[in-house]
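Below is one structure; the comments refer to it alone.
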Amino acid sequence: MSVLLLHWRSWWARLFGAVEPATTPGPGAPSEPLSAPQAEVPTEKSAVATGRKSAPVVRPKTDVSSLLETVNLRSLENAAAPVVADPSARERTLAGLRDLKQIPALQSLAQGFLVAMNQPQVAIDEVVEAIGKDAALCVRVLRMANSVLVSPDRRIEDLETAVQMLGVVRVRKTAQALFTLRDGKRGAGGFDWRHLWIHALATAAIAEELEKRLRSADDSQIHLAALLHDVGKIVLSTLAPDDYRGLLVRAWNDGGKLEELERERLGVDHREAGVVFAEHNRLPEIVVQAIAHHHCPEEATAYRLEVALIALANYLSKAHGLGFSGARLGEDEGEFADQPAWIVVEEVCGGRLDAEAIETQMADFLVELRADLRGLRESV
C-alpha cells in the first residue's frame, strides 16, 4: 500500500500516517476477539434499509469486562445513576472544549521518537537506536520481520536487518499504534481507552482496505479520519469523567442511546464534541466530516465516499468484535449489506455493488487484522 503524503499545517501533519496491511499470524497464532472473551450468538434480521436481501450475520456479544476495564470499575452494581438534565451543561461543555488542547493518547505522537522517525532522510541507525530504547517496540518489530507475510529465508534476530526489511515507514506506523495504545490507559478520571483505540485502529485498517478494493487513491487521508472518528468520546470523558462513566454504564444497561444520554447530561454528544475538538486543533476537513457523519454518511457535505467507507468499516469493526468503542452494535443497525452507506458508495462509484460479495472477500483480511492487532495489544 502506498504511503500517504499528507500536507497539513499543524503538527498533526507530521505524525499520522496510514497503517500498513496487517501481518499474517504465524503458525499457531491465536485469533481471539480483541475486546474481551466473547460468545457468538445469532441475531434477528433487522429491517432492510437499502432494499438488499442479506443473510443474518453471526455477531459476537461483547463481554461486560470490556466496559468495566474502560470505565475502571469492578462491577456495574449501582454504577449507573439516573441521567439528570442540566440546562447549563451545553455552555459549560463547549467552554471546556475550547480550552482542551490535547488528549494523552495523541500527545504521545508528538514525542521525539516519532518526530525523528518522520524526517524524510532519517538514517537506519537512528531508527535502530531509538527502537532499542523501547523493549516492547523492539520485540514487535522483530516479530513483524519474522512473520509469515515477510517470509525471510532466515530468522531475523537483529534490529538493523529488521528495519531494513520492513522499511522505516512501516516501523513508524507500528510505533504510532503502539504508543497510542500505551497512552490510551492514561485517560482522565481513570478511564482506560485502549479498547476504543483498538476499535479505531481496526476501523482505519478496514476503511483503507475497502477503499483499495473500490478505487485507486494514492493520496487518501482516510486512515487518519477513521482513526479519529470516535475521538469525541475520549474528549467528553476528559472533560467530565464521572458523568461520562455513568453515561456509558447506563447505555450498556439499555437505559438509552449513548448519543441521547450525552446530549441530555452534557449538552452535546460525542460527535459534536469531536467536531469542535478537531476544528479547534485544525485537523483536516475529512476528519471533521468523518467525526460528524460516520453514523449518517449521506449527510456529509464533503469526502462523502471516504465517510461512507468509514461508516462501513466502523460497522465491521463492531460486528467482528475488534475492540470496543464504548457502545455495542445495536440489533436495529441491520446487516452489512443493508447499511445506508452503500447508497453513497454506489452513487460516488457510479454503479451497483455486491455488498455481500465484498463482505465475503474481506473475511481473510479481518482474520489477519485481528491477529495483528492482538499482537499490538500484547506489546503494550
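Brief remarks on what is shown
- Scaled against the 2.2 N^0.38 Å expected of a compact globular protein of N residues, the Cα radius of gyration of the range 309-375 reads 1.18.
- Net charge over other residues, Cβ less than 10 angstrom from the Cβ of Pro297 (K, R count +1; D, E count -1): -2
- Largest-first principal axis extents, alpha carbons of the range 164-296, Å: 49, 30, 29
- Calculated FRET efficiency, Asp354 to Asp99, Cβ-Cβ distance, R0 = 45 Å: about 0.40 to the nearest 0.05.
- Given Lys101/Lys233; Lys101/Lys212; Lys233/Lys318; Lys212/Lys233; Lys101/Lys257, the pairs whose alpha carbons are separated by over 24 Å: Lys101/Lys212; Lys212/Lys233; Lys101/Lys257
Every read-out reported here was derived from the displayed coordinates using simple, explicitly stated rules and does not represent laboratory data. Being a predicted model, the structure only gives us computed values, none of them experimental. So basically every Cβ, Gly included, is an ideal-geometry build from the backbone, and we count neighbours across all protein chains shown.
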